[in-house]
Amino acid sequence: ALVAAEVAKVLPPAVLVVSAAGCAGGQGRGLSDLGEEDLLDSLKEWGVVPSEIWEDEGLRAAVLPSLRGDLHMFEHFAPSEGVLGCRVVAMGGAQDPAVSV
């Protein structure tokens with residue numbers, strides 16, 4: 001959603017559809033800086049990543065860097081100047097443990 005919003009400022013679509021997320025930039029928990037085991041424990045606690053990923057060492061090695069990068073971006077995001085010139089549809093779930101509604 002963060003990247004899509006930034007791209008939409010430059011190349012505005014008719015409608016921007018994103019999944020909901022909490023506020024980014026300075027709001028992170030510092031997860032991206034944790035060691036591997038602490039990061040895995042935190043992600044397991046959230047319950048948002050299937051256990052098969054943590055149980056398979058090769059799959060974990062393939063997925064963890066991307067997850068860490070996403071967390072880093074979310075924790076350090078600073079939006080560019082400007083507003084969106086399109087409608088925005090944000091979808092989220094009332095039972096999503098990672099986002100309050």
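The values are calculated or read from the model by the stated rules, or taken from the named source; none is laboratory data. Here the structure is a predicted model, which means the values were calculated and not measured. Counting neighbours? That spans all protein chains shown, and the Cβs are built from the backbone with ideal geometry, glycine included. With ligands, DNA and RNA removed, areas are computed over all heavy atoms of the protein, side chains included. Shrake-Rupley method; radii C 1.70, N 1.55, O 1.52, S 1.80 Å.
Looking only at residues of region 72-87 that are more than 22 Å from Gly30 (Cα to Cα) and open to solvent by 80 Å² or more (accessible area, probe 1.4 Å), we find that the one that is modelled with the lowest pLDDT is Val83.
Per-residue answers, yes or no, for (1) outside any loop (DSSP other than H, G, I, E, B); (2) at pLDDT 85 or above; (3) in contact with a strand residue (DSSP E or B) (Cβ under 7 Å, 6 or more places away or on another chain):
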site	(1), (2), (3)
Gly28	no, no, no
Asp38	yes, yes, no
Leu43	yes, no, no
Val48	no, no, no
Asp70	yes, yes, no
Gln95	no, no, no
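Within region 32-56, the set of residues being loosely packed, with under 13 Cβ neighbours inside 10 Å, over 16 Å from the mean Cα position of the chain (by Cα) and under 12 Å from Leu67 (Cα atoms) comprises Glu36 only.
The number of residues in region 57-68 being small (Gly, Ala, Ser) and either within 13 Å of Leu43 (Cβ to Cβ) or not in a helix (DSSP H, G or I) (or both) comes to 1.
Of the residues making up region 1-17, those that are at pLDDT below 85 and open to solvent by less than 60 Å² (accessible area, probe 1.4 Å) number 1.
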